[in-house]
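Enquirer: Structure in structure tokens, see below.
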Amino acid sequence: MTGPRPLDEDASALGGFCRWLGVRRGLRFSDYGQLHRWSVTDLPGFWSAVQQYLGVPFRTAYQAVLEEDRMPGARWFPGVRTNYADGLLRDGDPREPALITVREDGTAQPLAAGEFRRQVAAFARSLNSLGVAVGDRVAGCLPNSAESAVAFYAAASIGAVWASVGSDYAPEAAAARLGPLAPKVLIAADGHRHAGVDRDRGPAWTALREAVGPAHTVVVPRLRATVPSDCLDWRELTAGEAALEPVALPFDHPLWVLFSSGTTGVPKGIVHGHGGVQLEMYKTLALHWDLGPGSRLLWATSPSWVVWNLLVSAPLVGATAVLYDGSPTHPDPTAVWRAVSAHRVTHFGTSPGLLAACERADVSPGRLCDLSALRQIIATGSPVPARAHAWVTARVGDHAPLVPISGGTDVVGALVGGAPTVPVVPGEISAPCLGVAVEAWDPRGRPLVNEVGELVVTRPMPSMPLALWGDASGERHRQAYFATYPGAWRHGDWITRTERDSVMVHGRSDATLNRNGVRMGSADLYAAVEDLPEIGEALVIGTELPDGGYWMPLFVALREGAVLDDALRDRIRRAIRHRASPRHLPDEIMAVPAVPHTRTGKKLEVPVKRILMGADPGTVAAPTAVDDPAALEFFVRLAKHRARRA
């Protein structure tokens, strides 16, 4: 795209939205910037227009859109009743695929819209028969497959609260997330295939079941035909005719709990509501990504990552969700591109890391595959370097722009991204998303332009969390997002907002690990490593690299007499893989004299990260606040060494 297109002349859903605003509300916008400014200035006008134009299924009328305009505590659409699963009842050809599960060996299983609704209805009926009531929790430990989508929508349809992790999660890591929810039903796959190997997950979900203690366990058979006698068979619970009849729920009724790991302790569970998430999903999928009937969205992801929630929501706007189940680079980096070609994918979601792997392998997907149906490549998970755009143009084609987005689990979507009428500038994210009042602030809360600052959101969004699970007082919720800048949402990213309203994301400003978009807490890794007798303490850091890569080193302080040799490194990796997940495996393991802490004993993850990213040590950690200032010297020397090598 060479320049912005007039909004009301564009053929996209966004263009149609602007024409509708002109006819129905007398509003005219010359460009996206004007539309965005209206969307964050007149929040009631914008979000009511999204609901009306896109047909977000509200069961009841509303007298107010935003009754309380404050953060935290904004109250949206009071009195409205709805259900997330209502979107599956939209008009359309029941024979068209709502989902297509694609395995890494190329086999595919389409699920037609009519059959999808039947399975959702049948499993919802089974959940009711098992005693699941409104507000009860249903948990999944599943791969990226149709079963995970069916289970989620069935739970939502009866008013149960959904939560899930990928089937690759170790039992202890999964239990740390799902255990506090006390789910009544646990749904688990007995295995999955990844990188050409069948992974037996029977022992893992058995251990998870013992840790979580659900009343019922449902097994999805992937590797075996039989199911243990003390478990329920997924196939039986989804059999038989049934009509989908979602219950009407309050706008803010909890839909799901998503997990965004902190740097210490148990990962926090983020609670979102049916109504707010519906509005965000319809807006993102239709207006920003231009998904609709005939579109197909593919993402190689996991139910542990928020993009899975976006992916399985594609049927709400009439699009097909293509669920890639397996390694996107097995047996080679063209594997996922072959799936894009075979299934005529129009929108391909990926990470900068996968694009970089394809570049390193010197592959040309555009020559090897028919990608003529592809209209857009959406990239998130880490900052997208300018060179990735050049690679996509040269090796994929100039007909499918690479559109970076950035947001997070906390708001179930993007804060900044692209739009059909906005040009893409390599190395930048095109614009703030509609309805999102994004600014970069300095430590005193002053807006910055063309300077690095904290990403803040200054007006409420319907998809902001209702609460954190188990946080009855709301104090953890306030501390997580609003303590730094009272009344404004601090997201935890360093960004630059340019004078053109584009955005550059420089990485996490906190210590959350963010490998390929899957945010992980360090606590799971520490629990695995620090149980080893040779390890006194561990520190893990994740840093974004200028080339779009991600470096995640693990530093270990050894007990007296221990030596960090290859054998110990192998044991550390095995412990992490077994007790956390393969995603937690570090890129390097290095011995350090000591792990630095605050005077109160908290590991200095953020200061160490900033030192390794080139910050002046004197500006990130006052010596009087560190229990052992000399412990930082190792990281200062390492940062200098890496800078000389760069």
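Laboratory data are not the source of any read-out in this text; all were calculated from the coordinates shown. Computed from a predicted model, the values in this text were never measured in an experiment. Counting neighbours? That spans all protein chains shown, and the Cβs are built from the backbone with ideal geometry, glycine included.
Enquirer: Let me test this: with uniform point scatterers at the alpha carbons of segment 468-556, what is the Debye-based log₁₀ I(q)/I(0) at q = 0.12, 0.17, 0.20, 0.22 1/Å?
Expert: For segment 468-556 at q = 0.12, 0.17, 0.20, 0.22 Å⁻¹, log10 I(q)/I(0) is -0.55, -0.95, -1.09, -1.14.
Enquirer: Just report the Cα centroid separation between segment 556-630 and segment 344-361, whole Å.
Expert: So the two Cα centres are separated by 31 Å.
Enquirer: A further question follows. Projected onto the charge dipole of segment 7-69 (+1 at Lys/Arg Cβ, -1 at Asp/Glu Cβ, origin at the Cα centre), which of Leu66, Thr41, Gly15 gives the Cα projection farthest towards the positive end?
Expert: Projecting each Cα onto the dipole axis, the largest value belongs to Gly15.
Enquirer: Something else about it: What lysines could a cross-link reach from Lys602, if we take a straight Cα to Cα line under 29 Å and drop same-chain neighbours fewer than 8 places away?
Expert: Leaving aside lysines fewer than 8 places away in the same chain, those within reach of Lys602 are Lys268, Lys640.
Enquirer: Using a 10 Å cut-off around each Cβ, can you sort Thr101, Thr226, Thr484 from fewest to most neighbouring Cβ atoms?
Expert: Fewest-to-most ranking of Thr101, Thr226, Thr484: Thr226, Thr484, Thr101.
Enquirer: Sticking with this one: Please report Val436, Val247 as a ranked list, fewest other C-beta atoms within 10 angstrom at the top and most at the bottom.
Expert: Starting with the residue having the fewest Cβ neighbours, the order is Val247, Val436.
Enquirer: As a test, work out the antiparallel percent of DSSP beta bridges whose residues both lie in segment 113-249, rounded to the nearest 5.
Expert: Of the beta bridges lying entirely in segment 113-249, close to 20 percent run antiparallel.
Enquirer: Then there is this: Trypsin sites (Lys or Arg not before Pro), restricted to segment 151-259: which are DSSP loop and have at most 14 other Cβ atoms within 10 Å?
Expert: Arg224
Enquirer: Oh, and also: Using just the helices of the chain, give the 222 nm mean residue ellipticity in deg cm²/dmol: DSSP H runs with n ≥ 4 each add -39,500 (n - 2.57), and the total is spread over all residues, rounded to 500.
Expert: Details: 20 runs with 187 residues, N = 646.
Calculated mean residue ellipticity at 222 nm is -8500 deg cm²/dmol.
Enquirer: Please rank Trp289, Trp299, Trp305, fewest neighbouring Cβ atoms within 10 Å first, as an exposure proxy.
Expert: Fewest to most other Cβ atoms nearby, the residues stand as Trp305, Trp299, Trp289.
Enquirer: Which Cα, out of Leu311, Ala357, Pro443, lies furthest along the positive dipole direction of the chain (beta carbon charges, K/R +1, D/E -1)?
Expert: Highest projection toward the positive end goes to Pro443.
Enquirer: Name the trypsin sites (Lys or Arg not before Pro) in segment 67-162 that are in a loop by DSSP and that have at most 16 other C-beta atoms within 10 Å, would you? Intermediate results must be reported in sequence, preceding the final value.
Expert: Values: sites: Arg70, Arg75, Arg81, Arg90, Arg95, Arg103, Arg117, Arg118, Arg125, Arg137; in loops: Arg70, Arg90, Arg95.
Answer in residue order: Arg70, Arg90, Arg95.
Enquirer: A follow-up question, please. Would you be so kind as to identify which of Ala567, Trp551, Thr598 lies farthest towards the positive end of the dipole of segment 529-610, taking Lys and Arg as +1 and Asp and Glu as -1 on Cβ and the Cα centre as origin?
Expert: The one lying farthest along the dipole's positive direction is Thr598.
Enquirer: Something else about it: Amide H of Leu415 versus every other amide H placed in the peptide plane: which residues, excluding those fewer than 5 positions away on the same chain, fall under 5 Å?
Expert: Correct list: Ser406, Gly407, Gly408.
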